[in-house]
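Student: One structure, pasted below without further comment.
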Amino acid sequence: MTDRPPRSFVDLHTHSSASFDSLSDPRAMMAKAVNLGLTHLAITDHERIDGAQRAAELAPPGLQLVVGEEIRTADGDMLGLFLQEVVPPGLSAAETAAAIREQGGVVGLPHPFDGLRSSGGSRAGEAEQKLEELAAIVDYVEVHNARAYRDANPQAGAFAERHRLPGVASSDAHSIIELGIASTVLPGDFSTAQELLALLPRAEITPGRASYYVRLWTPLAKLVNRARGNTRIRPVEHDGTS
C-alpha cells in the first residue's frame, strides 16, 4: 500500500488584533488553527503586516504562518500573500498587484462581488472591462467567503470559472470563533509562493458560513481598537507641492 501524498488544509484570509476591526490574539488564532487540523494559516490584516510577522515567529510546529495583507486599492480590496513589506492602500489594482509580485508574493481577489464591502466586482458593476482587468492581474479568486451573503459567492465562482482562475474558500475571520469555518484543501505541502501557485489549480474548497450574530462582534472591535489608537490606515494624500 502506497502512502497517500501530503495535503494542506489552509485558511488564506483571516484578521488579527493588528487589524482595526478585530481583537483576535494571534496566539489564540494559531492554537485554534492547530486544533482544527489546519496546516497553513494566512493572517491578512488590513493595510499592515507587522502583526502577521510577529505571529510567524511564534508559529507552533506543524503550522505554517503565511504573512499576508488585505489592501484597499482604488478598485476594491486585494489580498497579498508571502509579503516582506507592506503594500500601501490607495493604489490602483494593477499597481497593487505589481507591488505584491515585486516581492515575490501571490495576488488574491477577496469577496469580489460582496456589495457590502470594497469589492472589485461589485464596484465594477456593468463595467465589463474593469472585471476583465481584475481577472488578468490576480492569481486566484476567493470563490467562497464565509462572511459573504446572497449571491456574492456564486458570482465569484462563476467569475473564476469563466476566466479559468483557481478558486479558494476562506473564513475572513475577524474573531476566533470564525477561524477555519471555511477553508481550502490543496494536494501537497507548500512553504513558498511558487509552491502555493503550483497547487492552487487543484484546490478543493470546504465552504462554511459565519453567523450574523458573530459579525456583530466587528463593530465592537472597531470601537475598542479606536480607543487604543488602532484605526484604519488611510491612503496618504499629496497636496501636489514639492
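The values are calculated or read from the model by the stated rules, or taken from the named source; none is laboratory data. Source: prediction; values computed, not measured. A quick note on method: Cβ atoms are made from the backbone with ideal geometry, for glycine too, and the neighbour counts reach across all protein chains shown. SASA here: full protein model, heavy atoms, side chains in, ligands and nucleic acids out. Shrake-Rupley method; radii C 1.70, N 1.55, O 1.52, S 1.80 Å.
Student: I'd like the accessible area for K32, computed on protein heavy atoms only with a 1.4 Å probe and all protein chains in place. Round to 10 Å², please.
Tutor: Here the residue's solvent-accessible area equals roughly 50 Å².
Student: Hey, any idea what % of the chain's accessible area is carbon plus sulfur with a 1.4 Å probe?
Tutor: 54
Student: Let me ask something additional. Once each part is reduced to its C-alpha centroid, what is the distance from the stretch 146-189 to the stretch 5-48 in angstrom?
Tutor: Taking the Cα centre of the stretch 5-48 as reference, the centre of the stretch 146-189 is 14 Å away.
Student: May I ask you to give the average projected area over all directions of the convex hull of the Cα atoms of the stretch 61-202, in nm² rounded to one decimal?
Tutor: Result: 8.5 nm².
Student: Here's something else I'd like to know. Under 10 Å, Cα contacts only: if you run a Gaussian network model on the chain, which one of N35, N225, N145 comes out with the highest mean-square fluctuation?
Tutor: Looking only at N35, N225, N145, the biggest GNM fluctuation is shown by N35.
Student: Modelled label-to-label distance, A98 and R228, 7 Å Cα→beta-carbon offset: nm?
Tutor: 3.6
Student: In addition: Which one of P219, P88, P166 has the biggest mean-square fluctuation once the chain is modelled by GNM with Cα springs under 10 Å?
Tutor: Highest fluctuation among the options: P219.
Student: Could you do me a favour and compute the accessible area per residue for the chain, 1.4 Å probe, result in Å²?
Tutor: 48
Student: Follow-up. Dipole of the chain (Lys/Arg Cβ +1, Asp/Glu Cβ -1, origin at the Cα centre): which of I176, P201, L131 lies farthest to the positive side?
Tutor: Highest projection toward the positive end goes to I176.
Student: Quick one: dipole size for the chain, taken about the Cα centre, charges +1 on Lys/Arg Cβ and -1 on Asp/Glu Cβ, in debye to the nearest 20.
Tutor: Rounded to the nearest 20 debye, it is 740 debye.
Student: First measure r as the distance between the Cβ atoms of R164 and A28, then evaluate 1/(1 + (r/R0)^6) with R0 = 45 Å and state the FRET efficiency to the nearest 0.05.
Tutor: With a Förster radius of 45 Å, E is 0.75.
Student: Could you pull out every residue, at least 5 positions away or on a different chain, whose amide H is within less than 5 Å of the one on R48? Hs are placed 1.01 Å off N in the peptide plane, and Pro or chain starts have none.
Tutor: E70
Student: Given springs between every Cα pair under 10 Å in a Gaussian network model of the chain, which of P26, P60, P110 has the largest fluctuation?
Tutor: P60
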